[in-house]
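Enquirer: Sharing a structure, written as structure tokens. Questions coming.
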Amino acid sequence: MHPQHLVLFARQPLLGKTKGRLAADIGASAAHKFYRNTLHETSWYLGRDCRWKTWLTATPDNSATNKCLWPIPPNITLFGQGKGNIGTRMIRVFNTLPAGPIVIIGSDIPEIKKNDVQAAFKALGHNNFVFGPAIDGGYWLIGINRATTLPMDLFKNVRWSSPNALSDTLANIPKRFRFQLLKKRLDIDDGEAWHYWQNNKRKARNEG
């Protein structure tokens, strides 16, 4: 039985170099703090789970040569994303990792749970693809069962960073393939999403 692969997509957490839209709304320092903390918490929370092998694919590529630059546990394997848009880079991951189902997630999803990841791998037991829809119309997770021949046009004309990213991708999946959608999660790309997340945290604390 092939291992399950969880892949975190991440940009090196440097001040002023990450989360541009978020930084424009809440300031570069606050955006950097959010991103670094979320990357740290997500990688340590999910990366030490023995049910899957965890990888982190990094940009820029040269940052992948020095693990000290990343706030991640030592067992996570680090490699560069390579060139191209997000679709090109995800296809590269799907085509190059060892055999077994692959689930890719972002590193800006503070509310992600281990059960979300396990649900994705379970869905791939009887589907070709799995997606985690984001509240903004994109997706925070994509997975493939690897028994599937990857469609050449899976990410053709996808309008990334838009409310159409998920619907564009689903429209490119051939009819013969099966896919499953998971529960919606919030990925933090701008100030509106960040404030919504902060309000949710405050409500949870008050209710607790």
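The values are calculated or read from the model by the stated rules, or taken from the named source; none is laboratory data. On a predicted model such as this, the values are computed, not experimentally measured, just so you know. Using ideal geometry, Cβ is built from the backbone for each residue, glycine included, and neighbour counts are taken over all protein chains shown. Surface areas here come from the heavy atoms of the whole protein model, side chains and all, with no ligands, DNA or RNA. Shrake-Rupley method; radii C 1.70, N 1.55, O 1.52, S 1.80 Å.
Enquirer: Going through GLY106, GLY82, GLY100 one at a time, which residue ends up being open to solvent by less than 50 Å² (accessible area, probe 1.4 Å), out of contact with any strand residue (DSSP E or B) (no Cβ under 7 Å at 6 or more places or on another chain), closer than 30 Å to ASN157 by Cβ and not acidic (Asp, Glu)?
Expert: That would be GLY82, the only listed residue that is open to solvent by less than 50 Å² (accessible area, probe 1.4 Å), out of contact with any strand residue (DSSP E or B) (no Cβ under 7 Å at 6 or more places or on another chain), closer than 30 Å to ASN157 by Cβ and not acidic (Asp, Glu).
Enquirer: Checking the condition surrounded by 19 or more Cβ atoms within 10 Å (Cβ to Cβ), farther than 27 Å from CYS50 by Cβ, in contact with a strand residue (DSSP E or B) (Cβ under 8 Å, 6 or more places away or on another chain) and not acidic (Asp, Glu), which residue from LEU150, LEU154, LEU186, LEU170 passes? Steps first, please.
Expert: Details: LEU150 fails: surrounded by 19 or more Cβ atoms within 10 Å (Cβ to Cβ); LEU154 fails: in contact with a strand residue (DSSP E or B) (Cβ under 8 Å, 6 or more places away or on another chain); LEU170 fails: surrounded by 19 or more Cβ atoms within 10 Å (Cβ to Cβ).
The match here is LEU186.
Enquirer: Looking at (1) open to solvent by 20 Å² or more (accessible area, probe 1.4 Å); (2) within 21 Å of PHE34 (Cα to Cα); (3) touching a residue at least 24 places away in the same chain (Cβ under 8 Å), which is the only condition LYS113 fails?
Expert: Every condition holds for LYS113 apart from (3).
Enquirer: Restricting the search to the stretch 170-183, which residues are in contact with a Gly (Cβ under 8 Å, 6 or more places away or on another chain) and either of a type in the set (Phe, Trp, Tyr) or part of a loop (DSSP other than H, G, I, E, B) (or both)? It would help to see each step written out before you state the result.
Expert: First pass over the stretch 170-183, keeping only residues in contact with a Gly (Cβ under 8 Å, 6 or more places away or on another chain): 181-183.
Hits for the stretch 170-183 are LEU182, LYS183.
Enquirer: Just for the stretch 122-143: of the residues that are in contact with a strand residue (DSSP E or B) (Cβ under 6 Å, 6 or more places away or on another chain) and outside any strand (DSSP E or B), which one is surrounded by the most Cβ atoms within 10 Å (Cβ to Cβ)? Can you show your working first?
Expert: Of the residues in the stretch 122-143, the ones in contact with a strand residue (DSSP E or B) (Cβ under 6 Å, 6 or more places away or on another chain) are 123-124, 127, 129-134, 139-143.
With outside any strand (DSSP E or B) added as a condition, the list becomes 123-124, 127.
On the way: ALA123: 22, LEU124: 24, ASN127: 19.
Checking each candidate, the answer is LEU124.
Table: residues versus (1) under 24 Å from ILE76 (Cα atoms); (2) open to solvent by less than 70 Å² (accessible area, probe 1.4 Å); (3) in contact with a strand residue (DSSP E or B) (Cβ under 8 Å, 6 or more places away or on another chain).
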residue: LEU6; (1), (2), (3): yes, yes, yes
residue: ALA23; (1), (2), (3): no, yes, no
residue: GLY27; (1), (2), (3): no, yes, no
residue: PHE34; (1), (2), (3): yes, yes, no
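Enquirer: Are any residues in the stretch 64-79 of a type outside the set (Ser, Thr, Tyr), within 21 Å of GLN4 (Cβ to Cβ) and open to solvent by 20 Å² or more (accessible area, probe 1.4 Å), and if so, which ones?
Expert: First, the residues of the stretch 64-79 that are of a type outside the set (Ser, Thr, Tyr): 64, 66-76, 78-79.
Filter again for within 21 Å of GLN4 (Cβ to Cβ), leaving 72-76, 78-79.
Passing the criteria: PRO74, ASN75, LEU78, PHE79.
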